Amino acid sequence: MEIVSSTQEKLSTVKTKGVFFEVLVKFALGFWALFIGLLFPLLIALILFYESRLAIEKFGFIHFLTNANWDPVNEDFGALTMIVGTIISTFLAVSIATPISIGIAIFITELAPKWLKPIVSGAIELLAAIPSIIYGMWGFFVITPIMANKVEPWLQATFGNLPLVGALFSGVPTGVDVLTTSLVLSIMIIPFMASVVRDSFNMVPSIMKESAYGLGATQWEVIRQVVIPYTASGIAGGLILSTGRALGETMAVTFLAGNNPQIPKSLFDSFTTITVALANQFTEADTDIYLSSLYYLSMLLFLVSFVMLSIAKFMVLRLEKRWKV
Amino acid sequence: MKKALLALTALTGTTLALEITGAGATFPYPLYSKWAFHFEKETGNKVNYQAIGSGGGIRQITNRTVDFGASDAPLKPEELRKNNLIQFPTVIGAVVITYNVPEIGKTSLNLDGKAICDIYLGKIKKWNDPYLKQLNPNVNLPDRNIVVVHRSDGSGTTWIFTNWLTKVCPEWKEKVGFGTSVKWPTGVGGKGNEGVTNYVKRSQGGIGYVEYIYAKQNNLPMAKIKNREGVFVEPSLKTIQSAASYAKWDKSKDFYQILTDQPGKESYPIAGATFILLAKDQPERSKKATTFFKWAYEKGDKYAEELNYVPMPANVKKLIFEYWKEHGVAP
């Protein structure tokens, strides 16, 4: 105590400086947090709203949302096809990626021999570092022909005649369609999801696992009843992160979706998403209402992302409640 | 402040080399950058051209953020007047129909407006359709499904192609119309020339439309198209320039001229010029741009031809020089 007071006396001038500095840093950090977290998104929303006012005036909200027509020549624009496309491809991609990512995480943390762990982890993280345009080119030049010539005809021959499910595999298999897009998208989001899930698996205290083993639980029981419930929120976090990524992914989907503004009736139909429509048409949008409609679309994407992430967050909370007794 | 700024720009204008900025169409980008390279080598003046798309080019020059804008489709004279702009064409390109029918290989097919229109409307579905057979009596067309491929992104190529279809096919005009992107009745979309080409190459029975330059560089099969005189012409430097020289270029209409379906026995019907937009109320900046384009018209033809672009005919160039003088932007 004495030492403290003496140094305080000695460094009184420094102290006031220090306090000033502290306040400054606090203020600056607070401002940036507020700006990035709150003002910035709000500003973007406002700008999008301002730019799309022409289209809002002309088409209204409900009509724009439910109109499946996108006809630049006659200047009749509706967002239904793009919103449906975005939701379908995101949903499929996340559904494909989730079990695979959890499997990868379980393998890395629980099953793999020690020497293999860093190799597999590194490889997965490397996947995340590949720019999305590369996925797009790879998907278009490598995956699409395989899908069109091998996988999709086989799927069609196997499932095409079944009742109900058959309709999903109808149409000409072209490779540029919902299935290929979702598949490539899922590969793109797996690294994000897998690393988040792996990190949360690693955080399970070993004492919990060991006591479970001590009680005679098998490895499968430990994973199912200790590790997964304990990390439910981590898994859900990975889910949210990758949902956000899949929603906003543009370049890869631009190559693979075909950009046909139609509601896909089968997995082999080409379709379009909001981001693809924006990327493909923004540069050549030559009339004001056309450009404004594209801005309107991006505002909707903003809203759709917001709503989907909120739903995901809500699901996490419920999941946590149920699993974390 | 303004005076000082003006003095500064005047000073830099006289003492330093010019720096010319432009933005717009992607189609002429390879040529403009080649021109810019040689222009800088010869005169020391720099041209900075950003290929951000025609829509962006029009917007940038309307907002006066660049010295010149570039657009693949001409603006109508009344639109130009509204924004106080002038426009002139630089080079000509064309859209060709390419296909992949393994049975006939690189044989050049004869096609006309009705055939292509019906294919793109989804009415002609097979390569051995009687109408196609009648156009190609000497070719053994197979019983194969036609896979229609179009551009998935907005583009000047689509604009030219659909504009031609609108002129030669009443049903297309009524059902679809023309634009940088349209509501396609059928087919799959590929991104860019390379997307369409890749698609056509991969699907047996595929048909698609791409820029002449791209088809030429990649040695794709190209169809002969029936022009309005009833002659089937193959796309080439000569036939495309023929379309441009038969066109009635009118400087009082700001060269508003669409080169599709032009008269002339040798004229290839699916051609289109690409345009430059200048602002009338910034003559100093516009003069910088015309310095560059004057050089390009006088010395740039060989570079254009190297890249398979078709230069403007000499009489049109003369008209453009007069047009500049009239609007006080001659270099």
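The values are calculated or read from the model by the stated rules, or taken from the named source; none is laboratory data. In this text the structure is predicted, and so the values were computed from the model without any measurement. Virtual Cβ from ideal backbone geometry, glycine too; neighbours counted across all protein chains shown. Areas reflect the complete protein model, heavy atoms only, side chains present, ligands, DNA and RNA absent. Shrake-Rupley method; radii C 1.70, N 1.55, O 1.52, S 1.80 Å.
Brief remarks follow.
- Rounded to 10°, Cα long-axis angle of helix B:314-326 versus longest principal axis of chain B: 40 degrees
- By the rule of a C-alpha distance below 16 Å, with chain neighbours fewer than 8 residues away ignored, the lysines paired with B:K216 are B:K106, B:K201, B:K224, B:K238.
- With an a/c value of 1.5 or above and a/b not larger than b/c for the gyration tensor axes a ≥ b ≥ c computed over the alpha-carbon atoms, segment A:120-233 is described as oblate.
- Chain B: most fluctuating residue of B:T107, B:T239, B:T291 per GNM, C-alpha cutoff 10 Å: B:T107
- For segment B:118-238, share of DSSP beta bridges that run antiparallel, in % to the nearest 5: 40 percent
- Cα centroid separation - segment A:53-106 against segment A:140-187, whole Å: 21 Å
- Relative contact order [Cα under 8 Å, 6+ residues apart], segment A:60-324, whole percent: 28 percent
- Candidate cross-link partners of B:K191 among the aspartates and glutamates, defined by an alpha-carbon separation under 20 Å and a same-chain spacing of 8 or more, comprise A:D71, A:D177, A:E249, A:D269, A:E284, A:D286, B:D72, B:D153, B:E211.
- Kirkwood Rh, Cα atoms: Rg over Rh of segment A:207-260: 1.35
- Residues whose amide H falls under 5 Å from that of B:T21, counting only those 5 or more places apart or on a different chain, are B:N48, B:D67, B:F68, with hydrogens built in the peptide plane.
- Most mobile of A:A128, A:A33, A:A167 in a GNM of chain A (Cα contacts under 10 Å): A:A33
- Mean-position separation - Cα centroids, segment A:202-261 and segment B:27-64, in angstrom: 49 Å
- Of the cross-linked pairs B:K41/B:K287; B:K280/B:K318; A:K150/B:K173; B:K173/B:K302; B:K123/B:K173, those separated by over 27 Å at the C-alpha level are A:K150/B:K173; B:K173/B:K302.
- Local electrostatic count, A:H63, Cβ distance below 15 Å [Lys/Arg +1, Asp/Glu -1]: -3
- Whole-Hz couplings from phi, Karplus 6.51/-1.76/1.60, listed for segment A:188-198; x for Gly and Pro: 5, 8, 4, x, 5, 4, 4, 6, 5, 5, 4
- In this structure the amide hydrogen of B:L277, modeled in the peptide plane, comes within under 5 Å of the amide hydrogens of B:G69, B:A70, B:S71, none closer than 5 places in sequence on its chain.
- Computed label-point distance, nm, for sites B:A314 and B:S33 using a 7 Å Cα→Cβ extension: 3.3 nm
- Local electrostatic count, B:R144, Cβ distance below 11 Å [Lys/Arg +1, Asp/Glu -1]: -1
- Relative counts (whole %) of C-alpha pair distances in the protein assembly as shown, using bins that are 10 Å wide: 3, 13, 20, 21, 18, 12, 7, 4, 2, 0, 0
- In the B-A interface, the accessible area buried, summed over both sides, Å² (probe 1.4 Å): 2200 Å²
- Nearest-ten-degree value, helix B:2-15 long axis tilted from longest Cα axis of chain B: 70 degrees
- For chain A, calculated [θ]222 nm from helices alone, where every DSSP H run of n ≥ 4 adds -39500 (n - 2.57): -21500 deg cm²/dmol
- Residue among A:V84, A:V165, A:V196 with the largest mean-square fluctuation in a Gaussian network model of chain A, springs linking Cα atoms under 10 Å: A:V165
- Magnitude of the charge dipole for chain B, about its Cα centre and with charges confined to Cβ atoms of Lys, Arg (+1) and Asp, Glu (-1), is about 340 debye.
- According to the Kirkwood relation over distinct C-alpha pairs, the hydrodynamic radius of segment B:19-178 is 18.6 Å.
- Chain B, helix-only ellipticity at 222 nm - DSSP H runs n ≥ 4, -39,500 (n - 2.57), divided by all residues, nearest 500: -12500 deg cm²/dmol
- For B:V233, the residues whose modelled amide H falls within less than 5 Å of its own, excluding neighbours fewer than 5 places apart on the same chain, are B:I225, B:K226, B:N227.
- At q = 0.07, 0.08, 0.09, 0.15 Å⁻¹ the log10 of I(q)/I(0) for chain A amounts to -0.42, -0.53, -0.64, -1.25, computed by Debye summation with a single uniform scatterer per C-alpha, solvent ignored.
- For B:P30, neighbours were defined as the other residues whose beta-carbon sits under 12 Å from its Cβ, and their charges (Lys and Arg +1, Asp and Glu -1) total -1.
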